[in-house]
1. On the given criteria, is ARG65 free of Cβ contacts under 8 Å to residues at least 24 places away in the same chain, assigned to a helix (DSSP H, G or I) and in contact with a His (Cβ under 9 Å, 6 or more places away or on another chain)?
2. So PRO69 passes all but one of these: (1) within 21 Å of the chain's Cα centre (by Cα); (2) under 21 Å from SER128 (Cα atoms); (3) at pLDDT below 95. Which condition number does it fail?
3. If you go through the stretch 86-136, how many residues are more than 19 Å from GLY52 (Cβ to Cβ), at pLDDT 85 or above and in a loop (DSSP other than H, G, I, E, B)?
4. Which numbered condition in (1) in contact with a Gly (Cβ under 9 Å, 6 or more places away or on another chain); (2) within 16 Å of ARG43 (Cβ to Cβ); (3) loosely packed, with under 14 Cβ neighbours inside 10 Å is the only one that PRO131 fails?
5. What's the total number of residues in the stretch 68-83 that are surrounded by fewer than 14 Cβ atoms within 10 Å (Cβ to Cβ) and either touching a Cys at 6+ places or on another chain (Cβ under 7 Å) or assigned to a loop (DSSP other than H, G, I, E, B) (or both)?
6. Go through THR90, THR126 for me and flag whichever is within 15 Å of VAL44 (Cα to Cα), within 17 Å of the chain's Cα centre (by Cα) and among the hydroxyl-bearing types (Ser, Thr, Tyr).
7. Give the residue, chosen from ALA103, ALA51, ALA118, that is of a type in the set (Gly, Ala, Ser) and closer than 21 Å to THR33 by Cβ.
Amino acid sequence: MRRPGRRCGRRPAVRSRGCQTAPRAQPSVTVRTGPRALYIYYRVSPAHLAAGLLDRVWALQAEARAACPGLHASLMARTDTGAQNGQDVTWMEVYTHPDGVPASFDVHLVRAMAAWPADLTLARHTESFAPVMPPFPLD
């Protein structure tokens, strides 16, 4: 015969009497990162290309390199889309610097883009990344 309040084969639940244990301390993990790089990507249509977008981007990157010595600026095109068939393609501007791209550079880009004609104003997505540094020498 079963005792009341007990389920088949299970031990009764233990009630807390107000005494709780402290939560276990999680080990502290510090992730060191290296210099910040900036990635800006956007969709480009054939109409944007016809309106001179490529020349504008190259001029923008030349101005950025002149304003920030040591800056490396590159332009990349996504390769897994049908750009050769007259379709939209994704472009990505990449900005790196040995000391990291400063946050003030973002403001410089926004101001430079404000001067562009409306037909070349694109929905740009900006992300910044930094390499994760190992916690030990790699020798």
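1. Judged against the criteria, ARG65 is a match.
2. (1)
3. 8
4. Here PRO131 meets the rest and fails (2).
5. 6
6. THR90
7. Going through ALA103, ALA51, ALA118 in turn, the sole match is ALA103.
The values are calculated or read from the model by the stated rules, or taken from the named source; none is laboratory data. Predicted model only: the values in this text are computed from it and were never measured. Ideal geometry is used to build each Cβ from the backbone, glycine not excepted, and the neighbour counts take in all protein chains shown.
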